[in-house]
1. For residue 73 and residue 102, what does the FRET efficiency come to when R0 = 22 Å and r is the distance between their Cβ atoms, rounded to the nearest 0.05?
2. Rounded to whole Å and ordered largest first, report the semi-axes of the equivalent ellipsoid of region 26-114 derived from its Cα gyration tensor (root of 5λ).
3. Order of 86, 75 from fewest to most other C-beta atoms within 10 Å?
4. What relative contact order, as a whole-number percentage, does region 26-114 give when Cα pairs under 8 Å and 6 or more residues apart are counted?
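Read-outs throughout are calculated quantities, based only on the coordinates presented, and are distinct from any laboratory measurement. These numbers come from a predicted model, not from an experiment. Because the Cβ atoms are built from the backbone with ideal geometry, glycine has one as well, and the counts that use them run over all protein chains shown.
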């Protein structure tokens, strides 16, 4: 009886962990194409749009500055900005950085700091 009580308790803990916010996939695996509202629901903090020039100055980024998550250069990242795109500061379960959104959906992510 004691063993089955331990088994039930362990199973309940596994279910609780699997359904918690911490169990969500890393941001870079679930994010592409996701809407701002869906990402916010997952705990992302998404700020209003900024210019690439303001972001460059704020975080002291050079064209060759590499993303902490995937090594993409800042120059390559901002080159993806097109008319109608928004560059927004973001914070998620992977780190802090910038995201490009098109029509409210995530296009690309550049992390300055990885957790």
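1. 0.60
2. In descending order, the three semi-axes are 19, 15, 11 Å.
3. Lowest count first: 75, 86.
4. 33 percent
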